[in-house]
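Here is the structure we will look at.
The values are calculated or read from the model by the stated rules, or taken from the named source; none is laboratory data. Nothing here was measured: the structure is a model prediction, and the numbers come from that model. All Cβ positions, glycine included, derive from the backbone under ideal geometry; neighbour counts span all protein chains shown.
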Amino acid sequence: MSKVAKLLVPALVCMTLVAVPAIQSAYANGSDTPSGSGSSDTTSTKKKKKSSSVSDPKFLAAYRTAYTTIYDRHDYASAIDQLKTLKRDDVADVANLIGYSYRKLGDYKQSQTYYELALKDDPNHVRTWQYYGLWQLEQGNREQAQYHLNKIASLAGTGSDEYRSLAAALDKPTGATLVY
């Protein structure tokens with residue numbers, strides 16, 4: 001092996017080790033900015049309309065307010081009202097936050113409805129798979145929660161925050177109080 005190759009191979013390995021977690025983290029982390037539709041079909045008028053409304057500054061400001069209401073103030077009932085006012089529960093990020101809020105309020109039926117709406121819009125919405133997996137655990141459905149964990153692994157990897165959160169919840173014994 002040449003001297004250049006001996007130096008180049010370790011450098012490439014190091015760059016790969018640094019880049020992969022950063023890519024997974026960027027892909028997996030939640031955000032106060034909705035991603036829009038998960039569909040790659042950009043020819044549909046409905047999809048174009050959905051994408052344009054998600055990037056509207058008024059929509060984004062209202063979404064961020066609801067996001068803060070949930071994660072900073074833990075005022076789930078107000079957040080549901082704020083999110084429903086957007087009239088965009090067909091967007092995965094919006095439906096997921098409504099589902100999360102209903103789950104935190106203990107309304108599991110409504111929560112399930114909104115998680116399923118989110119996955120209908122974007123079957124690869126990692127945060128929904130995480131939250132719906134936690135929902136499954138709260139319902140005593142460990143096998144379904146494991147299915148959700150496997151889905152997250154395939155979408156975002158086992159190093160993602162969503163994977164680690166659901167895996168940690170699955171490691172707890174049945175009936176343990178979940179904190180997340």
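Considering only the range 109-121, I want to know if a residue exists there that is under 24 Å from D171 (Cβ atoms) and touching a residue at least 24 places away in the same chain (Cβ under 8 Å). For the range 109-121, residues under 24 Å from D171 (Cβ atoms) and touching a residue at least 24 places away in the same chain (Cβ under 8 Å): present. Within the range 118-131, not a single residue is outside any helix (DSSP H, G or I) and within 22 Å of H74 (Cα to Cα).
With respect to the conditions (1) at pLDDT below 95; (2) assigned by TED's automatic domain parsing to the domain that holds S53, A92 lacks only one, and its number is (1).
With respect to the conditions (1) at pLDDT below 95; (2) of a type outside the set (A, V, I, L, M, F, W, C); (3) within 12 Å of the chain's Cα centre (by Cα), T128 falls short on a single one, namely (1). I'm checking my understanding of the structure. Among residues of the range 131-180 that are acidic (D, E) and in contact with a Lys or Arg (Cβ under 8 Å, 6 or more places away or on another chain), which one is modelled with the highest pLDDT? Among those that are acidic (D, E) and in contact with a Lys or Arg (Cβ under 8 Å, 6 or more places away or on another chain), it is E162.
Is one or more of the residues making up the range 64-82 surrounded by fewer than 20 Cβ atoms within 10 Å (Cβ to Cβ), under 18 Å from Q139 (Cα atoms) and at pLDDT 95 or above? No, the range 64-82 contains no residue that is surrounded by fewer than 20 Cβ atoms within 10 Å (Cβ to Cβ), under 18 Å from Q139 (Cα atoms) and at pLDDT 95 or above. Among all positions in the range 159-167, there is at least one residue which is in a helix (DSSP H, G or I), without any contact (Cβ under 8 Å) to a residue 40 or more places away in the chain and of a type in the set (A, V, I, L, M, F, W, C).
The one condition from (1) within 21 Å of K87 (Cα to Cα); (2) buried (at least 22 other Cβ atoms within 10 Å of the Cβ) that L117 does not meet is (2).
Has the range 145-156 got any residue that is in a loop (DSSP other than H, G, I, E, B), within 22 Å of T33 (Cβ to Cβ), β-branched (V, I, T) and out of contact with any strand residue (DSSP E or B) (no Cβ under 9 Å at 6 or more places or on another chain)? Please lay out each step first, then the result.
Going through the range 145-156, the residues in a loop (DSSP other than H, G, I, E, B) turn out to be none.
No, the conditions are met nowhere in the range 145-156.
The residue of the range 87-114 that is farthest from Y71 (Cα to Cα), among those that are surrounded by 24 or more Cβ atoms within 10 Å (Cβ to Cβ) and aromatic (F, W, Y), is Y114.
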